[in-house]
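Chemist: Starting off with a structure, shown below.
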Amino acid sequence: MAAKAFISELKNYIGQEVTISGWLYNKTGKGKLLFLMVRDGSGIVQAVLFKNDVSEEVFEKCQHLTMESSLHITGLVAEDKRAKGGCEIQAKAIQIVHIADEYPITPKEHGTDFLMDNRHLWLRSSKQHAILKIRHEIIKACRDYFDGLNFTLLDAPIFTPAACEGTTNLFEVNYFDEKAYLTQSGQLYMEPGAMAFGKVYCFGPTFRAEKSKTRRHLTEFWMVEPEVAFCDLNQDMDLAEGLIMFILNRVLENRRDEFQIIERDITPLEKVKKPFPRIDYDEAAKILKEAGSEFVYGDDLGGGDETIISEKYDSPVMVTHYPANVKAFYMKNDPQRPDRVLCVDMLAPEGYGEIIGGGQREDDYETLVKKIEYHKLPMDAFKWYLDVRKYGSVPHAGFGMGIERTVAWICGRSHVRETIPYPRMLYRLYP
RNA sequence: UCCGGUGUAGCUCAACCGGCAGAGCGGGUGGCUGUUAACCACUAGGUUGUAGGUUCGAGUCCUACCACCGGAGCCA
């Protein structure tokens, strides 16, 4: 009885007989010789089938086997330079589990719309598979980083009663007899959490009903959001910088094969070094002016502006101290310059733009009340949030990192839609 | 929501000035003992996004709508 093996570990079975179970990825023939490329989710290997080694019936069936048909293959694992990956299976027995219908995705080119309609099948393709393996590695690295620093995972709710940055971008849902909204950030819930646990983070999906149709937007995306008590803007930036370095080290160590599959040139990733450049809003404005941007001083940075700035550096750049009126109400004003806030946006290199937004939170009760009034937000809804400033208020800070934008940068993909298994976009809710 | 673009075979695309709707891939059949997106031969496959209009004649021109792509604003 042959041992069951995964394709990724076949190198350990050279000279032995194994059984692999998977799907037919591609097939080529040469008369009495048949090559079956088989994938099992862990990798791809070619099985070689000689007509004389199996029954006439099995060979006949395999000759007509359709793409993505499922099967068990038993045979000897052998090293062979002619095989991709360096080893192959010399098939002795093949058991067909299911003969697939004509598979819509072929090795030739396809359009985005067609592939997105077939997203559930596209996941099987090697590049999509590799991107999602890297996504997995990045997510695991985020958790390991914060867990290693003794953060506590504190999940934030998905249903929320009110917005933290206005209601126009929120998805409204019926919640029995009242209205609720899908969360657009867990931050407001992390702040009280930081007062209870010191260092916390949440990791989950967030929802924004923005009618944006760009390569950087999804209506449902994942964020990791740490929040730390007794923390100022600079310490917050140190934490963010450490997270990015931790992630990069992990993917460069563990995901070389996947980078090769997606043809990502990793030299830009290897160039990223601490400390990341830190510039304030005025310096950013100067860079944009010199670059001839149509940027208006006092406004938020546009997508194109972020690209101009991030392309100037090898490492992610942190832009701080934005004008208070372009940022959210909870940000703490700079005591040195009250029209500015103690915030930070991290812009990824190679023109990828913002992947992290965060900063120090307003910790004074009266000031925060005035800000909520100024932004015309419903005071009742923030009563619990204000309590953080009533019972032992301390300086605290945090940030949110968008997973899909981070994956898009690290994988060198132009669009975030390939960095999440099932993207939700303005005009796509299916599959 | 605004600006620009594209809709032709299962997929990716051709079709000149308005004049017989075509190729490659994929599918099917057959051939080939080392293929890597194999190769060779044969073969099936079409309401040209939808509705209307102009014309002897529309894939092609006009109008509206729909779908998608790229960009803007907003944001991670």
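Chemist: In µm²/s, what is D for region A:225-360 at 37 °C and 0.692 mPa s, where D = kT/(6 pi eta Rh) by Stokes-Einstein and Rh is the Kirkwood radius from Cα pairs?
Modeler: Diffusion coefficient, whole number: 206 µm²/s.
Chemist: What is the set of long-range amide H partners of A:Thr152 at a cut-off below 5 Å, with H atoms built 1.01 Å from backbone N?
Modeler: Here A:Lys199, A:Val200, A:Tyr201 satisfy the definition.
Chemist: Once phi is turned into θ = phi - 60°, what whole-Hz ³J(HN,Hα) does the Karplus curve with 6.51, -1.76 and 1.60 give for every residue of region A:74-90, x standing for Gly and Pro?
Modeler: So the Karplus estimates, Gly and Pro as x, are 10, x, 8, 7, 9, 6, 7, 5, 6, 8, 5, x, x, 9, 9, 10, 8 Hz.
Chemist: Moving on to the next point. Would you mind telling me which residue in A:Asp101, A:Asp238, A:Asp155 has the biggest mean-square fluctuation in a Gaussian network model of chain A, where springs connect alpha carbons within a distance under 10 angstrom?
Modeler: A:Asp101
Chemist: Then there's this: What size of dipole, in debye to the nearest 20, comes out for chain A about its Cα centre when the only charges are +1 on Lys and Arg C-beta atoms and -1 on Asp and Glu C-beta atoms?
Modeler: Charge dipole, chain A, about its Cα centre: 1100 debye, nearest 20.
Chemist: Between A:Lys332 and residues 5 or more places away or on another chain, which pairs have amide H atoms under 5 Å apart, with H built 1.01 Å from N, and which residues are they?
Modeler: Sorted by chain and number, the residues that satisfy this are A:Leu342, A:Gln360, A:Arg361, A:Glu362.
Chemist: Further, regarding this structure: Sorted by accessible area with a 1.4 angstrom probe, largest first, how do A:Lys81, A:Lys211, A:Lys371 fall?
Modeler: Sorted by accessible area, descending: A:Lys81, A:Lys211, A:Lys371.
Chemist: What are the principal axis extents of the Cα atoms in region A:73-128, in Å, biggest first?
Modeler: Principal axes ranked by extent give 41, 27, 15 Å for the Cα atoms.
Chemist: Once ligands and nucleic acids are excluded and a 1.4 Å probe is used, how much of A:Lys286 is accessible, expressed in Å² to the nearest 10?
Modeler: Probe radius 1.4 Å; accessible area of A:Lys286 about 130 Å².
Chemist: Using the Kirkwood formula over every pair of different C-alpha atoms, what hydrodynamic radius in Å results for region A:332-418?
Modeler: 15.2 Å is the Kirkwood radius here.
Chemist: Using a 10 angstrom cutoff on alpha carbons, build the Gaussian network for chain A and name the most mobile of A:Tyr391, A:Tyr365, A:Tyr322.
Modeler: A:Tyr391
Chemist: To the nearest 10 Å², what's A:His321's accessible area with a 1.4 Å probe?
Modeler: 50
Chemist: Here is a follow-up. Below 12 angstrom from the Cβ of A:Gly22, what's the summed charge of the other residues (Lys, Arg +1; Asp, Glu -1)?
Modeler: Around A:Gly22, the surrounding residues sum to +1.
Chemist: For chain A, what is the calculated [θ] at 222 nm in deg cm²/dmol (nearest 500), taking -39500 (n - 2.57) for each run of four or more DSSP H residues and dividing by its residue count?
Modeler: -8500 deg cm²/dmol, from helical runs alone.
Chemist: Right, something else. If you place +1 on the Cβ of every Lys and Arg and -1 on the Cβ of every Asp and Glu, how big does the dipole about the Cα centre of region A:3-98 come out, in debye to the nearest 20?
Modeler: Value, rounded to 20: 260 debye.
Chemist: Next question, about the same structure. Using only Cα atoms, locate the centre of region A:72-108 and the centre of region A:313-381, then give the distance between them in Å, rounded to an integer.
Modeler: Spelled out, the Cα-based centre of one part sits 55 Å from the other.
Chemist: Residue-wise, which Karplus ³J(HN,Hα) couplings in Hz belong to region A:25-39, taking 6.51 cos²θ - 1.76 cosθ + 1.60, θ = phi - 60°, and x for glycine or proline?
Modeler: After applying 6.51 cos²θ - 1.76 cosθ + 1.60, I find 8, 6, 8, 10, x, 8, x, 8, 10, 9, 10, 10, 7, 10, 10 Hz.
Chemist: Related question: How would A:Arg119, A:Arg255 rank on accessible area, largest to smallest, probe 1.4 Å?
Modeler: Listed by decreasing accessible area, they come as A:Arg255, A:Arg119.
Chemist: For region A:3-98, report the translational diffusion coefficient in µm²/s to the nearest whole number, using Stokes-Einstein at 10 °C, 1.306 mPa s, and a Kirkwood Rh over Cα pairs.
Modeler: The Stokes-Einstein estimate is 123 µm²/s.
Chemist: Note down the net charge around A:Glu137, summing +1 for each Lys or Arg and -1 for each Asp or Glu among other residues with Cβ under 14 Å from its Cβ.
Modeler: Neighbourhood net charge equals +4.
Chemist: Here's another thing I want to ask about it. Output the 0 to 90 degree angle, nearest 10, between the alpha-carbon long axis of helix A:281-290 and the longest principal axis computed from the alpha carbons of chain A.
Modeler: Approximately 70 degrees, to the nearest 10.
Chemist: Two-decimal Rg/Rh of chain A from alpha-carbon positions, Kirkwood Rh?
Modeler: 1.07
The values are calculated or read from the model by the stated rules, or taken from the named source; none is laboratory data. Every value quoted in this text rests on a predicted model; they were computed, and no experiment measured them. Neighbour counts run over all protein chains shown; Cβ positions are idealised from the backbone, glycine included. Heavy atoms of the whole protein, side chains included, go into the accessibility calculation; ligands, DNA and RNA do not. Shrake-Rupley method; radii C 1.70, N 1.55, O 1.52, S 1.80 Å.
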